[in-house]
Amino acid sequence: EVHRAKEMKCEPGYYCKDGIKSLCEKGYWGSGFGMTDPHCSGVCQEGFYCPEGSTGPTEVMCGDASVYCPEGSWEPAAVPEGYVSTGGDHSTRTGKEIVKKGSYALSGVEYVCQAGHYGASVGLSTPECTGKCDVPGFYCPPGSIFPTQHACGGDDHVCPAGTGAQVVVLPGFYT
């Protein structure tokens, strides 16, 4: 048999129901004394996460660009390969989106495909992008989406396979 002699008001980060003290649920926060609901004061703000027992809507900043925290997060979510983190700032990302053509994404950060390479599809995740621009007579500047992004041009330029820019023909030479 248990004998209880006194009662106490629940502290911030906790809720009390039927005489039992429990942590506010993960993804929620409680700033006041005497909370009675597991969701305490409310849902965690986007860009932040709230572990069990949090006392504010911005308990912990989400992290770096490799993670994001939508509203109600209790831990950061990893950004999948080929996606970039979006919203907020560098420490409070709120979402993700697939990286566009002509770019690739690593750890939630977008990079442009380098000169001489092209990115023909969305969601690429390697610096090689789709591949090299290996068609002679064409060149691919950074961010190209076709292996034949630009035709070389007039008689005074040459574009060997895999080039990222037109090369001017030297005096005394012809194409």
Only unsatisfied item for GLY102, checking (1) in contact with a Gly (Cβ under 7 Å, 6 or more places away or on another chain); (2) open to solvent by 70 Å² or more (accessible area, probe 1.4 Å); (3) over 30 Å from PHE48 (Cα atoms), is (2)
State all residues of segment 59-87 that are of a type in the set (Gly, Ala, Ser), buried (at least 17 other Cβ atoms within 10 Å of the Cβ) and under 8 Å from the mean Cα position of the chain (by Cα); if no residue qualifies, say none.
ALA65, SER85
Please go through segment 23-50 and give me each residue that is of a type in the set (S, T, N, Q) and exposed (fewer than 15 other Cβ atoms within 10 Å of the Cβ), ordered by number.
THR36
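Table: residues versus (1) over 30 Å from PRO160 (Cβ atoms); (2) of a type in the set (A, V, I, L, M, F, W, C).
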position: LYS9; (1), (2): yes, no
position: PRO38; (1), (2): yes, no
position: PRO57; (1), (2): yes, no
position: TRP74; (1), (2): yes, yes
position: VAL112; (1), (2): no, yes
Single condition LEU170 does not satisfy, out of (1) open to solvent by 80 Å² or more (accessible area, probe 1.4 Å); (2) modelled with pLDDT under 95; (3) of a type outside the set (Asp, Glu); (4) under 30 Å from THR58 (Cα atoms)
(4)
Just one of (1) of a type in the set (D, E, K, R); (2) in contact (Cβ under 8 Å) with a residue 40 or more places away in the chain; (3) over 22 Å from VAL43 (Cα atoms) trips up ARG93, so point out which.
(3)
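Listed here are the residues, each with its yes/no results for (1) of a type outside the set (Val, Ile, Thr); (2) at pLDDT 95 or above.
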{"position": "SER66", "(1), (2)": "yes, yes"}
{"position": "HIS90", "(1), (2)": "yes, no"}
{"position": "VAL99", "(1), (2)": "no, yes"}
{"position": "CYS140", "(1), (2)": "yes, no"}
{"position": "THR148", "(1), (2)": "no, no"}
{"position": "GLY153", "(1), (2)": "yes, no"}
Conditions: (1) open to solvent by 40 Å² or more (accessible area, probe 1.4 Å); (2) in a loop (DSSP other than H, G, I, E, B). VAL109 meets all but one. Number of the miss?
(2)
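The values are calculated or read from the model by the stated rules, or taken from the named source; none is laboratory data. Because the structure is a prediction, the values reported are computed rather than measured. In this analysis, Cβ positions are derived from the backbone assuming ideal geometry, glycine residues included, and neighbour counts consider all displayed protein chains. All accessible areas refer to the heavy atoms of the entire protein, side chains included, with ligands and DNA or RNA removed. Shrake-Rupley method; radii C 1.70, N 1.55, O 1.52, S 1.80 Å.
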